[in-house]
Amino acid sequence: MKILTIYATKYGSTETVAGWINERFILGGHTAECKNVAGNPECGGYDAVLLGSGIYSHKFLSEMEQYIASNIDALMLTKTALFGVAMRTETFFRRGNAYGGTVMLERYGAMLGQRCVAGRILGGEMIFEKLSETDKHRLEKFYHSIALSESEQATRKHPRTMLNKAQCWDFAEEVIDCLGKV
């Protein structure tokens, strides 16, 4: 099977995740390529295309959103899968609203319809000091909106990683399994 993984990254975690997913495809005997969305890669001619991005403000980076919109016709001709990279991989509720988890992928899955065979949120990395001032402000605003205490906010601002190669390989295997069933 010929598979293309396209990723959008801001601080590098999504590039790492995409590389691990691609590595597992190759180890499984598939022809696989991994490309940054910034290069506007051609997505035709593949058996499957994975689209992945860091999750910011509850959505993909704008570069990935623009790529999907610009290439929707070509993407509708192949099987697709989605992955987001975030610090919270499961859905949670605060003040009556759902955040995190695969909820963040729903809009992209809806765009791709039946061609989208799998999706998952995978663990990322967050080093508060490396964030841009804009991203620091947005994160603090989000923490306030979900009513985190000062101590919870301080804990979340400590450098932490949820990058997990085994989790990425597991997702790659899930995608292959789903592709075989379609």
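The values are calculated or read from the model by the stated rules, or taken from the named source; none is laboratory data. Bear in mind the structure is a predicted one, so any value in this text is a computation, not a measurement. Don't worry about glycine lacking a Cβ; one is built from the backbone with ideal geometry, like all the others, and counts go over all protein chains shown. Areas reflect the complete protein model, heavy atoms only, side chains present, ligands, DNA and RNA absent. Shrake-Rupley method; radii C 1.70, N 1.55, O 1.52, S 1.80 Å.
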Computed for region 105-182: size of charge dipole around the Cα centre, +1 on C-beta of each Lys and Arg, -1 on C-beta of each Asp and Glu, debye to nearest 20, value 160 debye
P(r) of region 50-155 over all Cα-Cα pairs, 10 Å bins starting at 0, rounded to whole percent, reads 13, 43, 30, 13, 2
Taking Rh as the Kirkwood radius computed over alpha-carbon pairs of region 111-161 and applying Stokes-Einstein at 25 °C with viscosity 0.890 mPa s, one gets a diffusion coefficient in µm² s⁻¹ of 186 µm²/s
Per the helix-only model, the chain has a calculated mean residue ellipticity at 222 nm (DSSP H runs of ≥4, -39500 (n - 2.57) each, divided over all residues, rounded to the nearest 500) of -12000 deg cm²/dmol
Taking Cα pairs closer than 8 Å and at least 6 residues apart, the relative contact order of the chain in percent is 22 percent
Pairs over 23 Å Cα to Cα, from LYS59/LYS79; LYS59/LYS141; LYS2/LYS35; LYS35/LYS136; LYS59/LYS136; LYS10/LYS79, come to LYS35/LYS136; LYS10/LYS79
If exposed means GluC sites (Glu not before Pro) lying in a DSSP loop and surrounded by at most 11 other beta carbons within 10 Å, then the longest stretch of the chain lacking such sites spans residues 91-182
Note on region 37-125: contact order normalised by length, alpha-carbon pairs under 8 Å, 6 or more apart, percent, works out to 31 percent
Of all DSSP beta bridges with both partners in the chain, the antiparallel percent, nearest 5, is 20 percent
Regression test value, accessible area per residue of the chain, probe 1.4 Å, units Å², expected 51 Å²
Share of accessible surface on carbon and sulfur in region 40-182, whole %, 1.4 Å probe and ligands ignored, is 51 percent
Relative contact order in percent for region 75-160 (Cα pairs under 8 Å, 6+ apart) equals 32 percent
